[in-house]
Amino acid sequence: MNDGIAVRPAKAGEEAAIGALINAIQRQEFGISITLEDQPDLADIAGFYRQGAGDFWVATHGGRIVGTIAAGRKESPGTFSTSSWAMPRPGGYC
């Protein structure tokens, strides 16, 4: 059962919502002092993650982005991936 969560490729124009989610998790959950300006990949998802075999997906619930999954190829050999997930809280997600 997926509780109404859908996973799909991120769409152009969703960069702000994706960045806000990831930045909130970094700052609130992990206490990392980082800004969106420090993470240019989040402003250019297609240019950074969709080169070669990579991609960037979002998980949605009720029309809201609640998670991300990124996979791509680094300049050097090897692959990388990352994910961020909002945790359900009373009244909604973080």
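Any read-out appearing in this document is the output of simple, stated calculations on the displayed coordinates, not a laboratory observation. Bear in mind the structure is a predicted one, so any value in this text is a computation, not a measurement. Note that each Cβ is placed from the backbone with ideal geometry, even for glycine, and that neighbours are counted across all protein chains shown.
Of note:
- Among 36, 51, 23 - extreme Cα towards positive end, dipole of region 21-67, charges at beta-carbon: 23
- Extending 7 Å from Cα along the Cβ direction at residue 16 and again at residue 43 yields two label points whose distance is 1.4 nm.
- Gyration tensor (alpha-carbon) shape descriptor, region 1-69, a/c threshold 1.5: oblate
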